[in-house]
Amino acid sequence: MKEARLTTRFALPPVSLGSVAAAALVLFVALVALDRVVEFGLKQLLLHSKYRYMEVYEPAPPARYLVIGNSRAGVHFPHSAKLGGEFFNLGNGGMGVAFAAALTADYVDIHGPPKTVIIEMSFVADPRSGEAAAGLARVFSQRARAIGRNVTPFQKAAEHVFHLVRFNHQTLLNALVGLVWERGQRAVNTRVNDATIAHIEHMAPFTEAPVAANVAQVVNLIAELRRRNVSVICVLSPLLPQMREKISNFDNYVAALRSLAVSNGALFVNDAAAISNRDLFADSAHLNVEGVKKFHQLFFAQLAQQKP
Amino acid sequence: MLFNSSNFLIFFAIFFPFYIVSSRQWRLWVTLIASNIFYAGWDWRFLPLIWLSTMLNYISGLYVEGRPAVLRAAIAANLALLGLFKYFNFFIGSFAELMRDIGLPASPVTLQIILPIGISFYTFHSISYLIDVSRRQMPSEPNLLYFATYVTLFPQLVAGPIVRAKSLLPQIRGGPQVTWAGLGAGLEMVLWGYVLKLCLADNAGPYVDAIFRAPALSTSLADLAGVISFALQIYGDFAGYSLIAIGIGRIMGLDFGVNFAAPYFSASFREFWHRWHISLSTWLRDYLFIPQGGSRGSRLQTIRNLSVTMLLGGLWHGANWTFVIWGMLHGAFLILERLLAPPLAAVERLLHLPSWISKTAATLVVFSLTCFAWIFFRAADLDHAIGLIGILLSFKGYEMTWGAIPPECALIFAMALVVLAVDLGGRSERLRSWYTASLVRRTAGAYALFVLILLFGSFTGQRFIYFQF
């Protein structure tokens, strides 16, 4: 940026520690005041966004099915384009159980309870809180703000002074785009490539197990939903066969998830091996558009049998 | 102590009041002490090295005028220090590899050497000082305080810009003055620098890392987006760092010049090097290219001079063959451009192309080839670079399907649009005059930048890329 001489009609005092400190103070107060004004405006603007995580905070009748979980939930299950439709899908990449529970509670508060909540269970084995995926929840949700974070005191102070930092999230751009357009389908149109398959085949086997803190969150969430007469279906959706084979304790892992669901009064559906054609996967953990179509046929048939 | 860390903000908040209240002489002492604290914040063990370098060049500077032998010895000593810390293992390792390749046994002695941060920059500062004094382009500096302040001046210490002694020493000697104009302009530069670093470079960083680590796991389109993202990242990172450094200098009442000037809008490689890392490219021109004969000799000599200059420019960035190839590629581009200029001009005349079409096409070609060269600059080694190029040139996996490019690219390219739009606007003298003439517009612009940082900045504290050089 090319420098230009700072001109003003006012006579500026000579530069001294006092005058610079006074100028810094005035600048700081102005920045904080403007921060609050812009925060208010941005909040109002984003409430008009069709981005699904914003629609949690827009009053409307509840959907029949509410879906929660990480990206596998977001990709593998449907999302109705309009509020109050059949499916409202809050699944998002890296979403943790704590934030999913907070968003679910907000959803139920604002819209009323859905008939059924579908929980894609993969995130129970993920130790992350889901901060990176929880949308702009911290801006709009008291519950989300209450979830602890690993931030420095400086970052915490900065957020306290400048509320706009709360909007600093990877989903802000999606929310802004959502003012004009929202894509219902999260699945992508690519196929898992040979290099990814080779990479997975060279990986060392690993184990998966529910994380204790997540288990406690899921138990509370199911209990709270059932208290409000919401039926809960816990699902493990399709995994690329090569990836599934790398999980050395796969059967025990599924058994632990089943036990967690069933012992708390939820249904458990294991669809991890429901699709084995690699051409229907976009990567190791996500179906592509064709795969999702096939999974929907299968899952809707299962849903009809369960009659939740 | 990174410019994008809370430690630096605290450091500057403590330093600046002392700087303002100090008298002219004490201001330099305050700066010198602060610069040493700043440097010790990286690694205090390297303080003696920078003191040694300062003393060596200070004393040499006093005796270098009219004594070529002193100049040669002093430059050799500077390069020996640089070579030991930066290139020793590289050359020993490469030599041993060569020996092994031709079947001779080789067990090289490598040293556990940590690269002292900023050594390439302060060595170049000092060499330019010695050469300028020996050429009688400036007097030697008899005052050690002034000279030590010049070498260690913290805003430009670790990653430049490489401000020449003949430009900065007179400012230090004259006593830098803090003015409202300097404060305002400096703050604007710092803000824009943070936008470049936090909003563009640091948002691109994780995506670029993932692509260059395992390009085969993504589509070719995603890999191509990764290469372009690196071009944007390194620009945001280094131009951002430079602007923050230059802005802090302006706040302190010092003028470091300009280091980047919308380089990706260059219509030729010659223009690119007039706009990219200007302080290094002019350094290489004045102290390497021109002394070899520049472009005054035959065509063959010019080609040789360009090749040597760009090769050494590449090697300056680091002890790795990837940097050598990067420098050689840029040398080749510059040479080809000279050779092809007459026939291309003839074609342009023949086709009666409007200048904006040929200029846009040339800009796109320059940008594409620059991105190609960046692959070598960024790749961990030659195998990785060639592997990535192989994928890109396979011409498979470029289908524009939903998901072929990951969603994180949206933020990178949105930020790039903002940055490149400002760069493009800055090229228009009329637009720049309109903007800078009004305090209201400038204040609104600065506030917009501040909001952009709060909303889209990445506060993960990523290092500046050029600190490794």
(request) State yes or no: is A:Val75 buried (at least 19 other Cβ atoms within 10 Å of the Cβ), at pLDDT 90 or above and part of a helix (DSSP H, G or I)? (result) yes
(request) Determine whether A:Gly184 is more than 8 Å from chain B (Cβ to nearest Cβ), within 25 Å of A:Asp109 (Cα to Cα), over 15 Å from the mean Cα position of the chain (by Cα) and at pLDDT below 85. (result) no
(request) Identify all residues within the stretch A:215-269 that are hydroxyl-bearing (Ser, Thr, Tyr) and touching a Ser or Thr at 6+ places or on another chain (Cβ under 6 Å); write none if there are none. (result) A:Ser231, A:Ser248
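If a residue has to be aromatic (Phe, Trp, Tyr) and more than 9 Å from every other protein chain (Cβ to nearest Cβ) to count, how many in the stretch A:140-181 make the cut?
Matching residues across the stretch A:140-181 total 2.
For the stretch A:237-270, name all the residues that are under 24 Å from the mean Cα position of the chain (by Cα) and under 22 Å from A:Gly291 (Cα atoms). Before you say what the answer is, go through the steps one by one.
From the stretch A:237-270, those under 24 Å from the mean Cα position of the chain (by Cα) are A:237-240, A:243-244, A:253-254, A:256-258, A:260-261, A:264, A:266-270; that's our starting set.
A:Ser237, A:Pro238, A:Leu239, A:Leu240, A:Met243, A:Arg244, A:Val254, A:Phe268, A:Val269, A:Asn270, listed by residue number.
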(request) Could you tell me whether any residue of the stretch A:226-241 is of a type in the set (Ser, Thr, Tyr) and assigned to a loop (DSSP other than H, G, I, E, B)? (result) yes
(request) Taking A:Ala285 as meeting all but one of (1) out of contact with any Lys or Arg (no Cβ under 8 Å at 6 or more places or on another chain); (2) in contact (Cβ under 8 Å) with a residue 12 or more places away in the chain, write down the number of the exception. (result) (1)
(request) Give the stretch B:250-264 a look and list any residue that's surrounded by fewer than 19 Cβ atoms within 10 Å (Cβ to Cβ) and not aliphatic (A, V, I, L, M), or say none. (result) B:Asp255, B:Gly257
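Working carefully through the options B:Ile386, B:Ile375, B:Ile412, B:Ile405, find the one that is part of a helix (DSSP H, G or I) and within 11 Å of chain A (Cβ to nearest Cβ).
Details: B:Ile386 fails: within 11 Å of chain A (Cβ to nearest Cβ); B:Ile375 fails: within 11 Å of chain A (Cβ to nearest Cβ); B:Ile405 fails: part of a helix (DSSP H, G or I).
When all the criteria are applied, what remains is B:Ile412.
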(message) Can you tell me how many residues within the stretch A:167-200 are assigned to a helix (DSSP H, G or I) and under 21 Å from B:Ser5 (Cβ atoms)?
(response) 0
(request) Please find, among A:Phe300, A:Phe295, the residue that is aromatic (Phe, Trp, Tyr), assigned to a helix (DSSP H, G or I) and under 27 Å from A:Arg228 (Cα atoms). (result) A:Phe300
(request) Hey, can you tell me all the residues within the stretch A:204-219 that are more than 15 Å from A:Ser129 (Cβ to Cβ) and either surrounded by 12 or more Cβ atoms within 10 Å (Cβ to Cβ) or acidic (Asp, Glu) (or both)? (result) A:Thr207, A:Glu208, A:Ala209, A:Pro210, A:Val219
(message) Exactly one of these conditions fails for B:Gly193: (1) assigned to a helix (DSSP H, G or I); (2) crowded, with 21+ Cβ neighbours inside 10 Å; (3) outside the structural domain of B:Asp383 (by TED's automatic domain parsing). Give me its number.
(response) (3)
(message) Kindly evaluate B:Leu200 against the criterion of being in contact (Cβ under 8 Å) with a residue 60 or more places away in the chain, more than 11 Å from chain A (Cβ to nearest Cβ) and out of contact with any strand residue (DSSP E or B) (no Cβ under 8 Å at 6 or more places or on another chain).
(response) yes
(request) Pick out the one residue from B:Ala231, B:Ala239 that is under 19 Å from B:Phe459 (Cα atoms) and aliphatic (A, V, I, L, M). (result) B:Ala239
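The values are calculated or read from the model by the stated rules, or taken from the named source; none is laboratory data. None of these values were measured; they are calculated from a predicted model. FYI the Cβ positions are ideal-geometry reconstructions off the backbone, even for glycines, and counts take in every protein chain you see.
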